[in-house]
Structures are given as C-alpha cells and as structure tokens.
Amino acid sequence: MSPVRRAMALASTTLPTKTGLSLWCPSSPSLARRLPARFSPIGSRIASRGLVTASFANENREFVIIGGGNAAGYAARTFVENGMADGRLCIVTKEAYAPYERPALTKAYLFPPEKKPARLPGFHTCVGGGGERQTPDWYKEKGIEMIYEDPVTGADFEKQTLTTTTGKQLKYGSLIIATGCTASRFPDKIGGNLPGVHYIREVADADSLIASLGKAKKVVIVGGGYIGMEVAAAAVAWNLDTTIVFPEDQLLQRLFTPSLAQRYEELYRQNGVKFVKGASIDNLEAGSDGRVSAVKLADGSTIEADTVVIGIGAKPAIGPFETLAMNKNIGGIQVDGLFRTSTPGIFAIGDVAAFPLKIYDRMTRVEHVDHARRSAQHCVKSLLTAHTDTYDYLPYFYSRVFEYEGSPRKVWWQFFGDNVGETVEVGNFDPKIATFWIDSGRLKGVLVESGSPEEFQLLPKLARSQPLVDKAKLASASSVEEALEIAQAALQS
C-alpha cells in the first residue's frame with residue numbers, strides 16, 4: 001500500500017507516531033463541517049510526509065507559530081481554549097523567553113531599581129489582557145513545544161518545511177507568522193551601531209539600555225513618537241539630563257493635534273526634558289573610548305550624549321517569507337479578514353500583517369499590542385472552528401508614562417477611532433483633557449487623558465458608533481465630563 005493510502009486508512013482518529021507526529025481527522029461529519037475549507041489536516045499531514053521521515057526537529061507539527069511576542073502568546077492561549085494545543089502546537093522564537101507583554105519594555109521595565117521596575121515572569125502573556133500568566137512551565141503543562149533562541153531563516157512552502165539559524169529542519173501543517181517588526185536603525189556609517197546606541201524591541205535590548213542608564217549622565221532620544229516619549233519619561237526617573245530630538249515640529253504628529261502636543265511637551269519640560277524639534281541627524285560621534293559621545297545635527301550643532309536611544313519607527317519582520325504576497329503600499333504580508341495569506345495553510349497576525357480594516361474600508365497595518373492580541377485570537381478561532389466573521393478591528397492606541405514611585409503626576413491616555421476631520425478640545429490638562437475628531441458631523445475618534453474607568457469604557461462605543469454630534473455644543477462644554485455626556489447622549493439620538 002502506498003504511503004498516501006496508508007495515511008488515509010489510518011487517519012480516522014488521532015494516531016501518535018514515534019516521531020511525535022499526529023494525523024488528525026474529524027471522526028464525524030459534524031466535526032468535519034466545523035473546519036474552514038482552506039484548512040485540511042489530512043492534506044497537511046500527507047503533504048508533510050511525516051510517516052516517511054523522522055528527520056524533523058519538532059515533535060508538534062500540526063500547527064507552528066513563528067515568533068514569540070504578544071501575538072504568539074495570545075494565539076497559544078486560544079489553541080489551548082479550543083483543546084488543540086497539546087501535542088499539536090509548536091512555537092519557534094528567536095528570544096530566550098516565553099511570549100511576554102512587549103509594551104512593558106519601554107515603560108515600567110526601564111524604571112531604576114529603587115522604583116520597582118517590571119521584570120519577568122511578571123509580564124508574560126496574557127496578564128496584559130486580563131488572562132493567565134503563561135510562564136515557560138505553562139507551555140510545558142499544556143503540551144506546547146517551544147523552540148527558543150533559534151529564529152527561522154528559511155521556508156519551503158511547497159514541502160511545508162522551515163529551516164532555523166542552527167540548521168534545524170521543522171515541519172508544519174498550518175503555519176502562523178507572528179514575527180512582528182524590527183526597529184528601524186541608523187546606518188553603521190553614521191554611528192548607528194556605536195557602543196551606547198540603543199534600539200528597543202526585545203528584553204535583551206532593554207537590559208542593555210538599563211545597563212547604560214545606570215552609568216549615564218546625558219541621554220539623547222531620537223524620535224518624538226511613542227518610544228521617544230516613553231523612554232524619555234523613564235530617563236527622568238533616573239535623574240538624567242534628557243533631550244528628545246525629532247524632525248517634526250511637535251510630539252507624536254501622527255496622532256496628537258498641535259494643541260494637545262503642546263500640553264504634553266510642557267509636562268515633559270516641567271520634568272526637565274529638553275526638546276530639539278525640526279532637526280535631522282547628520283551622524284553620531286564617538287569619543288576616545290569608542291562609545292557614542294555626541295549627536296551631530298544637520299545644521300552642524302552637536303548635543304553631548306553618553307547614551308543614545310533611537311526610536312524612529314519599525315518595519316515588518318518579513319524575513320524568509322518575502323515570497324508570500326506583500327502589500328507594497330503599507331508593508332507587511334497581505335491577508336484577508338481571517339488572516340489567511342494567498343498561500344493555503346499559511347496565516348499572518350499582529351504587526352506583520354496587512355489586513356482589511358472593515359470599519360473604514362481600507363487596508364492597514366497596525367503596530368499595537370491590542371491588535372496583536374485580537375488578531376491572534378481571531379485567526380486561531382477561524383482556523384479551528386466554523387468562525388468565519390471578518391475581523392472588525394477598531395483602532396486603539398494608548399500610553400502610560402511617569403508611573404514610577406514618587407512621580408508628581410502619572411500620565412495615561414487612550415484613543416479610539418480615526419483621527420480625521422476637525423477637532424474639538426475640551427479641558428485644561430489639569431489633569432483631564434479630551435480631543436474629539438469630527439468628520440461630516442460624525443464623531444470619528446476620541447482621546448481622553450486621565451479618564452475614569454467608566455469614561456475609558458465609553459470611548460470605543462463612541463468611536464465605533466460614530467454618532468452625529470453638535471460640534472458647537474461639544475466645544476462649549478465646561479469640562480471633559482460634560483463633553484463626554486454630550487457625546488454619550490448623541491449615541492441615543
């Protein structure tokens with residue numbers, strides 16, 4: 001009997017083999033109907049030829065996740081919830097750690113020792129989403145195979161195989177790409193890799209920065225976005241001379257209005273942070289010891305620095321998957337509303353995925369923990385069940401800074417929706433402020449600083465419903481609370 005016929009004859013139930021491979025097939029028509037049309041366990045197992053060879057390094061081959069960040073952690077939880085992880089799921093990561101809540105790295109992880117910094121295992125997924133803390137032991141208990149510190153460097157989609165840095169050959173039936181992004185870097189020729197120059201994406205990066213902060217006197221942060229603002233706030237906790245340099249004329253230009261940015265800039269100045277706006281970098285200069293010693297600007301001026309943090313954005317970590325269909329406009333791997341790529345059996349989630357944003361009818365790519373969590377859950381549910389609803393994501397961004405012990409003011413803002421149209425600002429930032437984005441009379445987006453739990457819960461309802469609002473009435477509100485009451489009333493009209 002041929003290997004294929006033998007596999008089909010044996011596959012009416014789960015059959016463990018000596019290599020750890022399982023052939024799984026629904027034992028009833030009702031179960032079979034639950035599977036999405038593009039997911040065929042039998043086809044995957046036959047294609048893997050696992051019955052013929054035992055040369056693959058992974059025992060769990062039915063589902064393989066590439067990447068060890070937020071998305072991988074939440075995907076793993078969803079596999080467990082659906083009873084499909086034990087002996088079936090393998091996660092391959094370049095890091096030495098089980099998946100963790102990555103936002104902590106530019107927030108509490110950077111606090112000085114006396115300010116009670118965050119440390120693993122405290123922020124493993126899925127604590128950030130209100131779930132269980134998934135330590136390395138959790139993955140073992142759930143029968144999930146983890147391959148650490150061995151990133152995937154090659155892929156053969158026809159044979160359904162992967163190759164890692166150490167030369168391991170891995171097999172998969174269904175593949176989920178959750179590789180996230182890599183930090184955009186300065187070229188080596190302008191000092192981008194000098195000792196004392198830092199980029200933050202992983203625990204090892206943050207540990208290296210902390211070592212520098214403990215010895216630093218003058219810190220320069222390049223970039224006025226999320227990373228720049230969060231790292232600068234952490235540097236204040238170390239009592240360091242801190243300067244933020246960026247080419248735009250305001251902080252977080254892609255979201256903040258000029259007025260809102262001015263409020264935050266003033267708060268940072270009150271904490272001793274200096275700004276150099278509208279500036280571009282010529283190069284990073286080294287001192288006699290070979291470490292970075294200054295940042296030279298395009299106008300010829302220099303800023304002394306013994307530690308430099310580059311936070312100028314990120315790019316999708318495509319790696320060995322560049323032959324998949326890409327979105328050339330926004331970057332990333334093109335997927336549909338179920339996170340399926342154009343290659344059957346291969347999915348992409350989180351930062352690396354370019355997906356249809358249903359609510360605004362456009363393609364997008366979102367670099368945010370909330371999307372990483374939700375896309376992972378949606379993808380796995382679609383893969384394992386009859387769930388076929390298109391992903392309907394509402395853009396959400398937030399930041400929390402100056403939250404260390406002894407800080408005179410803690411900052412926490414949340415934004416939901418789309419920052420398009422005209423804006424209405426309410427409040428004096430002492431401590432609250434709200435910004436509403438209104439387009440064609442409809443509320444499209446809303447940001448609130450220092451809101452209550454109830455107020456923050458209202459924001460996604462407003463942004464998703466997009467009610468018609470009276471702009472003049474909203475602008476005349478005497479407080480953030482009154483403005484939110486006006487917006488909430490619009491939901492019911």
Put +1 on the Cβ of every Lys and Arg and -1 on every Asp and Glu Cβ in the chain; which of Ala490, Thr243, Pro356 then has its Cα farthest towards the positive end of the dipole? Pro356
Cβ under 15 Å from Val366's Cβ, Val366 left aside: what net charge do those residues give with Lys, Arg +1 and Asp, Glu -1? +3
With Cα coordinates, the longest principal axis of the chain makes an angle with the long axis of helix 369-384, in degrees rounded to 10, of 20 degrees
Would you please name the GluC sites (Glu not before Pro) within segment 340-448 that are DSSP coil residues with at most 15 other C-beta atoms within 10 Å of their C-beta? Glu405
Give the aspartates and glutamates reachable from Lys140 as a straight Cα distance under 12 Å; neighbours fewer than 8 places away on the same chain don't count. Asp86
Formal net charge of residues neighbouring Gln457 (Cβ-Cβ distance under 15 Å; K, R +1; D, E -1): -3
Across segment 188-312, how many lysine pairs, 8 or more apart or on two chains, come within less than 19 Å at their alpha-carbon atoms? 8
With axes computed from alpha carbons, what is the tilt in degrees of helix 480-491 against the longest principal axis of the chain, rounded to the nearest 10 within 0 to 90? 50 degrees
If I fit a long axis through the Cα atoms of helix 203-213 and take the longest principal axis of the Cα atoms of the chain, what angle between them do I get, 0 to 90°, rounded to 10? 30 degrees
For segment 92-161, what does the accessible surface come to per residue with a 1.4 Å probe? Please give it in Å². 46 Å²
Going by Cα centres, segment 190-259 and segment 338-402 are how many Å apart? 29 Å
Summing -39500 (n - 2.57) over every DSSP H run of at least 4 residues in the chain and dividing by its residue count gives a helix-only mean residue ellipticity at 222 nm, to the nearest 500 deg cm²/dmol, of -7000 deg cm²/dmol
Can you pull the percent of the chain's accessible area that's carbon plus sulfur, 1.4 Å probe, other chains left in place? 49 percent
How many angstrom lie between the Cα centre of segment 283-307 and the Cα centre of segment 419-493? 44 Å
What does the C-alpha gyration tensor say about the overall shape of the chain? Classify as rounded when a/c is under 1.5, otherwise prolate if a/b is larger than b/c, or oblate. oblate
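Report the calculated FRET efficiency for Ser288 and Glu482 (r = Cβ-Cβ distance, R0 = 56 Å), to the nearest 0.05.
So the FRET efficiency works out to roughly 0.40.
The values are calculated or read from the model by the stated rules, or taken from the named source; none is laboratory data. Computed from a predicted structure; not experimentally measured. Positions of Cβ are generated from backbone atoms using ideal geometry, with glycine treated the same way; all protein chains shown enter the neighbour counts. The protein model used for the area step is the full one, side chains on, heavy atoms only, and it has no ligands, DNA or RNA in it. Shrake-Rupley method; radii C 1.70, N 1.55, O 1.52, S 1.80 Å.
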